[in-house]
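Values quoted throughout were computed directly from the atomic coordinates according to the rules given, and no laboratory measurement underlies them. Fair warning: this is a prediction, and the values are worked out from it, not measured in the lab. Here the Cβ is made from the backbone with ideal geometry for all residues, glycine too, and neighbour counts use every protein chain on show.
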Amino acid sequence: MKTMKQYIRKADIALLLLLLLTAGAIWLLPAAKSRTGSDYVQITVDGKIYGTYDLHRDKTITVTQPQKDGTTWSNTVQIQNDTVTMTEANCKNQVCVDTGTISKNGQSIICLPHRLAVQIFKAEDDSDIDAVVR
Amino acid sequence: MTNTQPQSSNTNREDPSSPAKRITTVALLSALALIFSYIEFLFPFQPGVPGVKLGLANLVIVVILYRMAPGYALMVNLIRVLLAGLLFTGIFGMFYSLAGSILSFLVMYLLKRTNLFSIFGVSMAGGVAHNFGQLLVAIFMVSTGSLLYYCPILIVSGILTGIAVGIGAFFLLKRLPYQIFT
């Protein structure tokens, strides 16, 4: 094995370190981390994006929509332990509240009377559909 | 292999520009590379990570690169990928291998020409380039950048397999008599 060692050049080591550094740098990139870091919850009102929130940061959001007739539509969305729940809504049918808790990619809570939708987007697709290319 | 050939035929073998000789050489080496692909197809060395392969056929390419004109390495590469694609891996696999092996060949050829690297460094870079080429095709086909997080795994596996191939080629080059390449 001694003979093999003698053949190794400085440039080999430099290239090895460079490649390892590149691999490490990409590993630490926020974009590369996104599979665990950037799962987010998006709330849309009337088809327009109301707000985007981190799925991993506990938060309670109350969306209020003042109406012409003086009433105010209100929905309360709670993000807790990587799950999303519509805890409160003053809509007629309460379907959104009854939907319960969602946590998977693509799942959504929809409040039709208030034209409000909450949807989970995960960077790492953990839905049942996998991308397979052979 | 060399022993079976009568000494008298050496006079014909000396002409390197003969098309017939070049065709036979490429055909022989392609068959050899194809056998390596087949062995890998039969006994896949896959340590749990998809897309990570040893790349035994690269051994042939590296040896050719160090003993013969680079054109041979490229030709053997192309023929090997086409045949292995049709026989084992399928058309999609062929695109991956094609991108990987061409990129790998180019990188190894250029690095070797700089005369700065040993066979281990050249082969290591080739392994990484091979994986990188395949990743590019994958990004193009799935059309998503999220495959980027796969990069570090592929770089490290390319380093390891590349060095393994380099060590193999190193000993092969030491043992194989020079004459069989002329």
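For a Förster distance of 35 Å, can you work out the FRET efficiency between the beta-carbons of A:T22 and A:H56, rounded to the nearest 0.05? Can you show the working numbers first?
Numbers: r = 28 Å, r/R0 = 0.80.
Between A:T22 and A:H56 the formula returns 0.80.
What residue among A:T87, A:V77, A:T64 has its Cα farthest toward the positive end of the dipole of segment A:38-121, where the charges are +1 on Lys, Arg and -1 on Asp, Glu, each on the Cβ?
Checking the options against the dipole of segment A:38-121, the answer is A:T64.
Need the list of lysines near A:K59 for cross-linking: C-alpha distance under 30 angstrom, and skip anything on the same chain fewer than eight residues off.
A:K33, A:K48, A:K68, A:K92, A:K104, A:K122
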